[in-house]
Amino acid sequence: MLSTPVFSVPTRPRSTSRSVSTLPTRLRPPDLLRITDQGASDVLEGRFDHLLPGGGRWPTDERWATRLHSDDDLDVWLISWVPDRSTELHDHAGSLGALTVLSGSLLEYRWAGTELKQRHLEAGDQASFPLGWVHDVMHSPSSATPGPTLSVHAYSPPLTAMSYYEVTERSTLRRTRSELTAEPEKATR
């Protein structure tokens, strides 16, 4: 029988020093990357099989997500990505984030100040998202892996809101709306 996965959160105390950058969490991007890597390993080793879609059939027409862990500091999610679905250009409000790709590949467009930059993330790749990171994530059309792309995401503090954006004709961002959410990387068409 497999042991229950445990996401260990560093016991680093919150800093009260004004010389240290103040973040809304005691976790840092390297902590979140380690946590998503651990989560990916646990998924691949079958420790979360009880949370996966019934009969081992991943949805093929819509994204799917399940929460792997939640506490006051951290939310960890497994997300499946399918073709022709995008998250839309968004941020994670006051949460830091990170991801590890388990299978397939993702395409990310991120706001770089005056334009969108593109990057591919393949199985085994990781990425972190500092405060203010604005991006759009989707299943990569060049993915050679059949079925959905799978990734593990961590947010700290747990995700509670997302703001959505559009790029203006002057190459600036315009916020179009903000939403309270308990779901990561909310899908749009």
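Specify which of the listed residues (Leu99, Leu44) is modelled with pLDDT of 85 or more and either charged (D, E, K, R) or open to solvent by less than 30 Å² (accessible area, probe 1.4 Å) (or both).
None of the other options fit; the residue is Leu99.
Would you mind telling me which numbered condition in (1) of a type outside the set (D, E, K, R); (2) crowded, with 20+ Cβ neighbours inside 10 Å; (3) at positive phi Gly55 fails?
(2)
Could you go through the range 161-178 and let me know if any residue there is touching a Gly at 6+ places or on another chain (Cβ under 6 Å) and either assigned to a loop (DSSP other than H, G, I, E, B) or touching a residue at least 24 places away in the same chain (Cβ under 8 Å) (or both).
Step one: of the range 161-178, the residues touching a Gly at 6+ places or on another chain (Cβ under 6 Å) are none.
Taking every residue of the range 161-178 in turn, none turns out to be touching a Gly at 6+ places or on another chain (Cβ under 6 Å) and either assigned to a loop (DSSP other than H, G, I, E, B) or touching a residue at least 24 places away in the same chain (Cβ under 8 Å) (or both).
Just name the residue that is nearest to the chain's Cα centre (by Cα) out of those in the range 139-158 that are open to solvent by less than 10 Å² (accessible area, probe 1.4 Å) and not small (Gly, Ala, Ser).
For the range 139-158, the residue satisfying everything is His153.
Do we find a residue being within 13 Å of the chain's Cα centre (by Cα), surrounded by 22 or more Cβ atoms within 10 Å (Cβ to Cβ), of a type in the set (A, V, I, L, M, F, W, C) and within 16 Å of Ala182 (Cβ to Cβ) anywhere in the range 79-96?
yes
Inside the range 102-137, can you point out the residues that are small (Gly, Ala, Ser) and either over 12 Å from the mean Cα position of the chain (by Cα) or open to solvent by less than 30 Å² (accessible area, probe 1.4 Å) (or both)?
Ser103, Gly104, Ser105, Ala112, Gly113, Ala123, Gly124, Ala127, Gly132, listed by residue number.
Filter the range 58-74 down to the residues that are within 29 Å of Pro24 (Cα to Cα) and out of contact with any strand residue (DSSP E or B) (no Cβ under 7 Å at 6 or more places or on another chain), then identify the one that is most open to solvent (accessible area, probe 1.4 Å).
Of everything passing the filter in the range 58-74, Asp72 is most open to solvent (accessible area, probe 1.4 Å).
Restricting to the range 41-79, give me the number of residues that are in contact (Cβ under 8 Å) with a residue 40 or more places away in the chain, of a type in the set (Gly, Ala, Ser) and farther than 16 Å from Ser103 by Cβ.
Initially, the range 41-79 is screened for residues in contact (Cβ under 8 Å) with a residue 40 or more places away in the chain, giving 43-48, 58-60, 62-65, 68-79.
Those left that are additionally of a type in the set (Gly, Ala, Ser): 46, 65, 70.
Next cut, farther than 16 Å from Ser103 by Cβ only: 70.
Matching residues across the range 41-79 total 1.
The values are calculated or read from the model by the stated rules, or taken from the named source; none is laboratory data. Bear in mind that the values here come from a model prediction, so they are computed numbers and not experimental data. Please note: Cβ atoms are built from the backbone with ideal geometry, for glycine as well, and neighbour counts cover all protein chains shown. We work out accessible area using only protein heavy atoms, side chains counted, and drop any ligands, DNA or RNA first. Shrake-Rupley method; radii C 1.70, N 1.55, O 1.52, S 1.80 Å.
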